[in-house]
Structures are given as structure tokens and as C-alpha cells.
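Input: a single structure, listed below in C-alpha cells.
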Amino acid sequence: TYAGNYNRVEDIPGVFAENSMSLFKDKLNWIVGIRADLHNTFGYKVTPRTMIKWDAAKNTIVRASIGKGWRTVNLFSENIGLLASSRDIIITERLEPEEALNYGANLTQKFERMNMSGHFSLDVYRTEFQNQIFPNYDDDPTKAIVKNFKGTSISNGLQAEVYVKLWRRFEFKTGYNYLDVYQVINSKKE
């Protein structure tokens, strides 16, 4: 059934502080930030983050970042298939905010030769969820069971991109994106 009270009012006042530093004649830029929010239902949430950008050579840039994040789930708009199925929706507990730690790096190499310019970019990122909300359709085919998932949930991403401009008229861009997204349920990667 869809029985339940789905009205929700969220008040989330917050403060954010950030410090940006340029070091070694602007070859290294470092940003450190922290955000503190007060959610009317879930209390205080603190999310620190930091990013670094290093101009390793004239045309080579290396970036790295790490940060924590959180958000409240919008169950029906994010899982629209719930409304199209004939399953009973069972919410077994109070749904806590989703929380995750994200970190990664980027390498960008620019090039310019005679009538050709462009860049190559490589991104590698990982997200580790501490809590995640998703409907479970497997335990009972007549039900969609929704609860907090506190187990291992990982998203690994790798993206490579090449951009080339020839004679200031022709542009060529290609990319490849690889995602490895999984959860560990009953010691099994799914």
C-alpha cells in the first residue's frame, strides 16, 4: 500500500567557511572548506572538504580532492519505478540521510603543435557510502522494502577524454567512462 504520511518540511540552516591558499608562486593552490548544517529532524551535520591543484609543468595540471557529503532522500522522485509497479511499498524504519566520502584525482595534459591544439584528461574517483537508501525488490517479489543500508556500498569511476582542434576549424572529442558500482550483501558483491 501507499499508506503513510509523506508530508515533509525540511529546515536546514547552515554555515560554510573556506580558505584558499596559493603557494610556490601560484604553482600550488589549496582550498580547505567546512560546512555545518542543522537539520530540523536529523540534527547537526558537518562536512569537511579539501581540494588541491598543482601546476606540475607548463601544460600539466594535477588536481586532487576529498570531501564528505550528505543529503536527504526523495524516495518517490528518485525511484519513480516504485509508483509504476504493483508492489507494496514497505518502509521498515525511519530513513536517515545518505552520507558518503568522496575522493579522487585528475590529470590534464594540454598540447599545442603547429596547426593542432587540445588536451588529454584522466579522472579517477571513488565514493564510499556510510548510509544509502534504495528499494529492495529481491526479498519478496510482491514488495519493495525500503530501509537504511549501512553496509559496504562503493562507486568507482574512471574517465578519459581527448580533445583535439585542427587548423582552428575542426574539433574532435572522444571520451571513455568506466563505472564500477556495487554493494556487498551477505559477503557477495552485487
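Annotations for the structure displayed:
- Top-ranked residue of the stretch 173-190 - restricted to ones that are under 18 Å from the mean Cα position of the chain (by Cα) and not aromatic (Phe, Trp, Tyr), ranked as farthest from residue 155 (Cα to Cα): 177
- Of all residue pairs spaced 6 or more apart or on separate chains, those with beta-carbon atoms under 8 Å, a first member in the stretch 84-99 that is under 15 Å from residue 72 (Cα atoms) and a second member that is surrounded by 13 or more Cβ atoms within 10 Å (Cβ to Cβ) and of a type in the set (Phe, Trp, Tyr) are 96/42; 97/42; 97/70; 98/70; 98/129; 99/70; 99/129.
- The stretch 22-53, residues that are among the aliphatic types (A, V, I, L, M) and in contact with a Leu (Cβ under 8 Å, 6 or more places away or on another chain): 52
- Restricting 8, 63 to residues that are open to solvent by 80 Å² or more (accessible area, probe 1.4 Å) and within 30 Å of residue 123 (Cα to Cα) narrows the list to 63.
- Within the stretch 69-82, considering residues that are open to solvent by less than 70 Å² (accessible area, probe 1.4 Å) and closer than 30 Å to residue 31 by Cβ, the one farthest from the chain's Cα centre (by Cα): 74
- Of the residues in the stretch 81-93, at least one is of a type in the set (A, V, I, L, M, F, W, C) and over 24 Å from residue 129 (Cα atoms).
- The lone exception for residue 31 - which of (1) open to solvent by less than 80 Å² (accessible area, probe 1.4 Å); (2) modelled with pLDDT under 95; (3) of a type in the set (Val, Ile, Thr) it fails: (2)
- Single residue of the stretch 117-172 satisfying the filter (under 21 Å from the mean Cα position of the chain (by Cα), within 30 Å of residue 82 (Cβ to Cβ) and small (Gly, Ala, Ser)) that is surrounded by the fewest Cβ atoms within 10 Å (Cβ to Cβ): 151
- Pairs, first more than 15 Å from residue 65 (Cβ to Cβ) in the stretch 18-34, second of a type in the set (Asp, Glu), C-beta under 6 Å, six or more apart: 27/55
The values are calculated or read from the model by the stated rules, or taken from the named source; none is laboratory data. For clarity, every value in this text was computed on a predicted model and none was experimentally measured. Reconstructed Cβ throughout: ideal geometry from the backbone, glycine too, with neighbour counts over all protein chains shown. Protein only, heavy atoms only, side chains kept; ligands, DNA and RNA dropped before computing areas. Shrake-Rupley method; radii C 1.70, N 1.55, O 1.52, S 1.80 Å.
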